[in-house]
Structure formats: structure tokens, C-alpha cells
Amino acid sequence: MALIRLTSPHAHGPMSTQRVMQNVLLATVPGIIVLTHFFGYGTLVNLLWGSLVALACEALALKLRRRPLGFYLKDCSALVTAFLLCIALPPYSPWWLIAIGIASAILLAKQLYGGLGYNPFNPAMAGYVILLISFPVQMTSWAPPLGQGEMPSLLQALQACFTPGQYDGVTMATPLDVLKQNNSLLIEDLWQQNPQFGLFAGVGWEWANLAFLAGGAWLLYQRIFTWHAPVAMLVSLSLLAALFYDGGSSASGGSPLFHLFSGATMFGAFFIVTDPVTSAVSLRGRLIYGALIGALVYVIRVRGNYPDAVAFAVLIMNFAAPFIDYYTQPRTYGHSKRGEK
Amino acid sequence: MRKTYGFHGGIHPPENKHQSVRTPIADAGIPPELVIPLSQHIGTPAGVIVEIGEHVLKGQMIAEAQGFMSVPKHAPTSGTISAIEDRQIAHPSGHFAPCIVLTPDGRDEWIACSGRPDYESMDKLALIDLIRHAGIAGMGGAGFPSSVKLSVKPGTEIETLIINGTECEPYITADDVLMRERADQIIEGAKILRYIIGPRETLIGVEDNKPEGIAALRAATEGSGIEVVQFPTKYPSGGEKQLIEILTGKQVPSGGLPSQVGVVCQNIGSTVAIYQAVVHGRPLISRVTTVTGAAVREPQNFQALIGTPMRYLLEKAGYQPEKNRRLIMGGPMMGFTVPDIDVPIVKTTNCLLAPTEDELPTPPPAQACIRCGMCAEACPASLLPQQLFWFAQGKEFEKLEHHNLFDCIECGACSYVCPSNIPLVQYYRASKAEILQMRRDHEKAEASRIRFEARQHRLEQAEAEKEAKRAARKKAAEKRAQSAGADSGEDPIQAAIARAQAKKAAQHGAGGEQSELEMLEKAVVSAQKRLDTATAKLEEARSQNSDLVDALQTGVDKTRDKLAKAEQALTAYQQAQGEGGAAQSEPPADAAKAAIEKALAKRQAEASLSPAEKARADLAKLQQRLQKTEATLAQSRSNGDEEKVIEALESTVARLTGKISAAEQQLQQAEDA
């Protein structure tokens, strides 16, 4: 047998892109379980339908682009996009909403830019924002948590998705909505008067956030990403919340703990902000990137028009990532601090 | 324990070192043929000093160093030079290069050689020269001539001498077994190096995955003042720059040499070779090579002669060619694939790795970069490999340089961790080569641009000088004219008229003669000058025996003729001037007057003619013109001129005929009247 010629290195580590993606999928499982527990089967139906649409969109785009289907589909990146978007969507979303969101994410935000690795914006968040702007009603009706009215059955969940006209679900304002609309009550009173609030954040929400935190910690342990961006985001969000807590007055922006465990905070910090493709690459850059997302999340939550803000904050910072990269090049071995020789 | 420092990045690939250290170093013996490439080091290849058929003894120099960055080659055993020809060598490109082929006689007979155990009485430069003559080049893989490394610029203070026993590449154990078995030789070699360099401290750096080697070294260093430093295993701590940072905390400036931070590094293998050369007078003719990988049955280390074909060594280790798809010289991280199993081992062959497909699988096709940043975390040079990859793909060379591409040591850590299997290092290598080529091209273009501009400048200067001279002459002339006018104190307008008149007059008459005289004189002077220059050139050419002598000779002759003619013309003119000052012809200024008079007379004559006579004259003229035109037309036709011309002539004929008939009528009328 003739000897083959290859360039060094000849050894390769165990990590693969497929494994990275699979790990991310796996890490969302605790959060999905908690969401299902508190809000019913809606999230699961979202995921099921969303994944199918995502794979179909990805396959279609690959076919149009004349790329080998198997090779690209098995990197699991379309599934990750589907999971991230479907977790963020309200449970019991109609099928067309999910389809539009997924199609926008995969076709517009990802494949039009050249597919995996070439997209400047986080596809899931781009899809989410397109839906939020186009269908604000559907996008802001969240199901009531466990213990607040009857929990829909699996059949009802499927009905809600596929025959949305025949399903009349109950919705309820999320804790972030309630806080946003409050302008007269002290935080303490608000807490007592609204059943959505739980131990330190919203009922269900606090547990979902903890579950996503756990999943994120596991990914960190697996060295899928570094701690810099998520920690920077959480720290800057907490700092701002602490700064403007105002002792829990009626003008308060909410406590740091409330912000950390409400809405998409943990999910965003560990699953969205850490998206390698669209974030800054140097470690210092990731600190800045994460911190600015945290700050934007707080500003939009408290001062903006939308109750939650992770998607907008992330998209805005996606714009800034290349700029941050440019100014945060690490000091190369043998160079002085200013990057000069 | 000594404090060690960390370095950024690094990876922990499976070490796979245990396979080849189970047995002591084995002597590979003498193969049937030895192929010694002339270039086994960085720098100029050595020059052959033997002839085909010549019998050489073991250790005899067969090729000598050519210049500073070069080392000689020696016969690895006694035998006959059977060929000096191009053979395929161990190089990533698989190219053929000049080699000396030696057929051993089996006697393995040493040339007389004497060591210098008393090296401390030797001059340091002489010692460096001795090392150079022993053909020692860095045996860790790069093959940098050791003597060059030891020739530290005078005035540079070396704080630390580092003996590099890191051997961080997986699989390779050549240095490890040297430490285990020949620690005393390493220490002796280190002492020699210490004597040459005179550092404040001498350290031997070893990764903590070689406890046996460290123990052996520690035992041998007892009381020598040489310190064995152990530090955590991490690839690539054995890179010179990384090792320096680990042991001293200092970083070698980008593009600089270790000596700039007061450090000199030598490899373990080179240190042993230096010991052999100095103490025993034996040149570098063999080395320890690890033969390993799952495709050999008995992985082990061999003491192999330089020039031994790889096949010979592999077969000694139980090579199973059916299991092996790629043969790597060096380790799995930085080694390169060998084009053919018959290429010889050289001074830098620390390892032959024959892996099976399971052991080192052929990499799957690369996926897209997801910018995960694992490469940046692994990079020991703190580069941003994913950005470099991006720029390399887009051939954005400026950005590549801005992102310090040239600080990449090609260790392969980034490719190792890349989840998308992107051959990053290959992109960097290609880009580096391209940029270097561009730099060379640019330098060339720059040189020719400078040459061109210098020439242009020269020409312009010459032109400007001429222009200046011209302007000066003009100015002087004006000044003369002005001063002449000013002297006479006349009205300027009057003066101008007078000047113009004078100029007009100068065209004829006395003024004209004056200028003609001047011109003739000038012609003589310039011819004289030209003759002088031509003669001088001819003399010069003759003195230099130039080929141009003949050509110049004809030139001189011609110029001489011209001079003679100019002189003749001048004399003739002067004579004419002298003879007939009064016999000058009437000034032609009156010619116009005469013409006017003639024309007037003609008109008067015409006026005096009767109408009939006038008409007759007109008719005669027209007839004459017609005749002429018809003649031309006939000629044109016979010449086969262009149709246009013929047509034009025909129309002229027609017109003239018309005119003639009109004139005849007029004449008729006039006569009737």
C-alpha cells in the first residue's frame, strides 16, 4: 500500500462540532423538564414541531445550495436552533407561528448568510425577534404556571398547536409583565397581590432558570464554552438591578435576584450569549460582550417597551462582536502589551 | 524546588510514550547501503569532498561546511563511495536532493580521532569550531547548526543555559532513553556548553512524565551545579520559546533570539553529540531514533547510523506494512509524512512513527468554523487561530500580519482541538509561504523601481542642466543687447526699430557674412573638440585593450576628416572675403522691386491690348492648360492611378473645354466688334 501524505498535526482531539451541538441539546433537558412541569406540554409540542420544521428547512436550503445533506444535517446545528427558539416561544403557540419563526431562523438568519459558522446573528434570536415584532399578541401570551388554573392535557396541547382556532387557552401575564406595568405598588405589595410571584422570582420561572443554570454549568464543566460571557452578563445585570432596586419602592426595577431568575436570564446567559458563532472570540472580548448584554437586558426590561429583552440585547451585541474582537486581541507571545513587537 | 512558570494554552494529547521505553537503546547495526543527504540542517548544504569509488573510514569528513550556516557530513562507517546523486529525502515535499551513497565494507574502521577531555584549556572559539567540524546540528527536529547557536554575539550576557529534555511530543522517547541511559554524557556535554557560554545558571528542563530520566539526571548532576527542573507535562512545553518561559518567566521578543533575553537552549541529543565530539573527537554519525506506532511489533529506540534507510530500521522493529498507511518522521503533532519508506534517516530524525488507521485516523472532511474559540484557548502563542483562519481563507494578508501570523510556531495545538477538523496549521503554513513570496517579489520590484527612478532622476538632472545653460546664454544675450541699447541712450522704440532693421540687414550683406564667419569658426572649434574627446577615448580603449579600439579608430578618422573640411571651408570663406570686398554682387533686396516693376509693366501691357487681342491671349492660355491637363490625364491612366485622381482630371478637362468654347465666343464677339 502506498503511503499517504498528510500535513501535521496527525493527532486529533476527541472534540467534534457534532458533539458540541449534542452537548448543548442535552444541557437544555433539565430546563425543558421544568418548563413542562410548570407550564404543561406546550413546550414539548413546540419542540417537536419546531425540530421537524428546522430539519426540513435546513435540508431544503442544503439542497438548493447543492451541499451534501447528510454531512451537514448530522452536525445537529439546525436542531440546536430549533430547541433554542422553541424553548423561548410561549407554550401552546400555533403551528404557523413556530414554522414562521423556525423558517426565518434557519433560512434567513443562517443559510442566507452561508450556513453554520457564517451567520452574523444568532439564528434563534433573529427568528424570535421577527415573531415578536410581527405577532406581538401571540408572542406575549404566556400560559399560567402550575397551580393557577387547569393544566391543559397533551391532547389539548396538540390541539393548541395544530388547530389553534379550536383551542381557547388561558394566558396570564408573566412576572416581568406585572413588574413592568406596576407604577403604584411597592414591590412587597406587588408580590402579595399577584399569584405569579414565587419564592424570589416568578412561580415556575425561578425553577426553570435554575434548571438552565444547571445545564449551563454542566456545559462549562464539559468545556464547551468559557465562563467569561455568561458570568459577565449575570454580573452586569445584577449590578444594575442592585443599583436601581430603590429599596423596593413602586419605581423599583426589581431586585437582582428577581432579574437573575426571571424570564430568559439563565437561558440567555448559558445558551444564547455563549453561541460561539455570533459572539466575541477573545476572552476579554467575551467579558465585554457579556457585560454589555447584561446591561442592555436590564435597560430594555426596565425602560423599554418589552418585558423581556434577551433577544434584542443579544442581536444588538451581535452587531458589535467584530468590533469588540478588533480591540481585544490578546497579547501575542513575545509582543509588548500594546500589540507592538 | 525551583519556581516554574506557566505558558498560555497548550493541550494534553495521549502521550503514548510507554510503548517504546520497555527495552534499552538497541544498536541498529550497519545497513547494506547508507544514503547521506548533503543538507540535513537549516542553512547551506555541505560541499562534497570525496569522489565516487573512494574508500572512506568511519568518521572521515565526506562533505564540508559551506559558509557560516552549514555543517559538514562524515562517513557513518567505513566503506566505498558508490554514488553521488540525487535521491529522495525525508522532506514534506518528498523532493530529491543531492546525497552521498556509501556502501559499507563491514569493517566499521574508525579514522584516527583524538578527543579533548582537557577542553577547559582550549579557546572557546576553537571549541565552537570543533563542534562545527563534528557536524552537529540541533537534533530536536529543526536542525539548526549548534555552532551558530553557541556563537553568541560578543557582549551579550547569558544568564541561563537550558538543556531541553522536555520531549513534549507524544510517542517520542529518544531523549528520554538518553536521559535514562547516558545521563553522565548529558551532564558532561552540559559542562562543555557551560564552559563555552559562561552562564550564571545551567538548567535541564524535563516534563514530569519522565520520572526515570529525571532521577538518572539528578544522580548524575550531584555536585555539578547543574539543576534538573521538572515541570507539569503539557504540549508544547518543549518548544524553545515555551520552555524559556516555563523556566525563566521571560518571553523571547517576537522575531528575536533567545540570547536577547539571556538564554541559550540546546537539545539533549545535541548535548550528547557535543560531548562525543569534544571528549572523544567523534563526529556526529549516528543518533538515537524512536521507532514506534501500532504498525511495528516491537516499538523501541535504536542507535542508528545517519543515512540508514527507514525501511531497515522499521524492519528491525517488526514493521507491518499492511497496517500502516502513513509513515511519520517526528511526532504526531509536528512530524511530517515521509513520501517513501526507503528514504534515509538524518540528523533530525528523532522518531519514526508508523501508526495504524485506528491509532491516528485519517481526518474526516473539515466542517465550518463555528468560532468556538477552543483553538484560541489552546494556542501557546496567544494568537486567535480562528481569526487567522478566516483571514487566511480570504487571503487578507495584511490582517494576517496584524494578527501576528508569523508568531505561530506551527505546534498544531489549534488543529488538535478544532471540533470542525479544520487543518488550521496548513492554512497558516500556506499563508506564511505566500506572504514571504510576496515580500520577496515586493523587494525585487522595489529594487527595480529605485533603479528606474534613479535613472529618471539622472536624465532629468542632465536635462535641467542643459536647460539652465540655455537659459543663461539667453539671458546673457539679452543683457548684452540691453546694455548696448542703454549705452546709446536712444528712445527705446527707436532702438527696437533699429535693432529689427539691423537684424533684417544682418540676414543679408555684411551682417550675414559676419554670422557665416562665426558659424564656420564654431564648426572648426567643435570639430576640434570632438576630435580631442574621440582621441582620448581611443587612447583609453587602447590602454585597456578594449574591443572598441577599431570602432573608435574609425570614429577618430571621420572626425578628423570633418575638421579638415571645416577648416577648408573657413579658409575659403576668409579668402573670398579678403579678395572681393568691393566685387560684391548687388544686394538681392532689390529683387522684389524688380518683380513689382515687372508685374506693373505686364499689367500696363495688358491694359494697352485691344479686347480682341486680350481674348485671343486668354484663349491661347486656356488651350495650353487643356493640353497640359490632357497629358497628365493620359499619364495617370497609363500609370493606373486611383480612380479618384482620374475622375478629377477628367472633370478638369471638361471644365477647360467649356471655358475654351466660352473664350472662343468672346473672341468672336470681340472680333465682330
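Just so it is clear, none of the values below were taken in a lab; they were calculated from the coordinates. Worth saying up front: this structure is predicted, and the values here are computed from it rather than measured. No Cβ is skipped: glycine too gets one built from the backbone with ideal geometry, and neighbour counts run over all protein chains shown.
Structure values in brief
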{"read-out": "Nearest-0.05 FRET efficiency for A:Gln192 and A:His37, computed from C-beta distance (R0 22 Å)", "value": "0.35"}
{"read-out": "Cα gyration tensor shape of segment B:18-353, rounded if a/c is under 1.5, else prolate or oblate by comparing a/b with b/c", "value": "oblate"}
{"read-out": "Part-to-part distance (alpha-carbon centres) for segment B:598-638 and segment A:213-240, which is given in Å", "value": "117"}
{"read-out": "Inter-label distance, nm, simple model (7 Å from Cα along the C-beta direction), B:Ala219/A:Asp168", "value": "9.2"}
{"read-out": "Computed over segment B:509-579, Cα set: Rg, Dmax in Å", "value": "16.1, 53"}
{"read-out": "Computed lengthening from B:Asp618 to B:Ala576, 0.36 nm per intervening residue step minus Cα-Cα distance", "value": "10.2 nm"}
{"read-out": "Rg in Å to one decimal, and Dmax rounded to a whole Å, for chain B via C-alpha atoms", "value": "48.1, 153"}
{"read-out": "Pairwise label distance in nanometres, A:Arg331 with B:Thr535, each label 7 Å out on the Cα-Cβ vector", "value": "7.8"}
{"read-out": "Ratio of Rg to Rh over the protein assembly as shown (Cα coordinates, Kirkwood Rh, two decimals)", "value": "1.27"}
{"read-out": "For B:414-426, mean number of other protein chain Cβ atoms within 10 Å", "value": "5"}
{"read-out": "Listed residues A:Pro276, A:Pro145, A:Pro94, most fluctuating in chain A (Gaussian network, C-alpha, under 10 Å)", "value": "A:Pro276"}
{"read-out": "Dipole of segment B:18-353, positive end: most advanced residue of B:Cys265, B:Ile81, B:Ile246 [Cβ charges, Cα centre]", "value": "B:Ile246"}
{"read-out": "For the protein assembly as shown, share of DSSP beta bridges that run antiparallel, in % to the nearest 5", "value": "60"}
{"read-out": "Segment A:142-230, relative contact order [Cα under 8 Å, separation at least 6], %", "value": "25"}
{"read-out": "Theoretical gain in end-to-end length, B:Phe96 to B:Gln568 [0.36 nm per residue, Cα-Cα removed]", "value": "162.3 nm"}
{"read-out": "Where only alpha carbons of chain A are counted, the Rg and the Dmax (Å)", "value": "21.1, 83"}
{"read-out": "All-pairs Cα distance distribution in segment B:350-398, expressed in whole percent, bin size 10 Å", "value": "20, 32, 32, 16, 0"}
{"read-out": "B:Trp110 versus B:Asp441: modelled label distance in nm, points set 7 Å from Cα along the beta carbon direction", "value": "5.5"}
{"read-out": "Derived scalar couplings ³J(HN,Hα) [segment A:241-256; Karplus, 6.51 cos²θ - 1.76 cosθ + 1.60; whole Hz; x for Gly, Pro]", "value": "4, 5, 5, 10, 5, 6, x, x, 6, 6, 9, 5, x, x, 6, x"}
{"read-out": "Among A:Tyr128, A:Tyr41, A:Tyr118: highest mean-square fluctuation, GNM of chain A, C-alpha pairs under 10 Å", "value": "A:Tyr118"}
{"read-out": "Between segment B:289-346 and segment B:96-115, the alpha-carbon center distance in angstrom", "value": "22"}
{"read-out": "Size of electric dipole in the protein assembly as shown: Cβ of Lys, Arg +1 and of Asp, Glu -1, about Cα centre, debye, nearest 20", "value": "840"}
{"read-out": "Pairwise centroid distance, computed over Cα atoms, of segment B:124-147 with segment A:1-51, Å", "value": "53"}
{"read-out": "Dipole-positive endmost among A:Leu89, A:Tyr333, B:Gly189 within the protein assembly as shown (Cβ charges, Cα centre)", "value": "A:Leu89"}
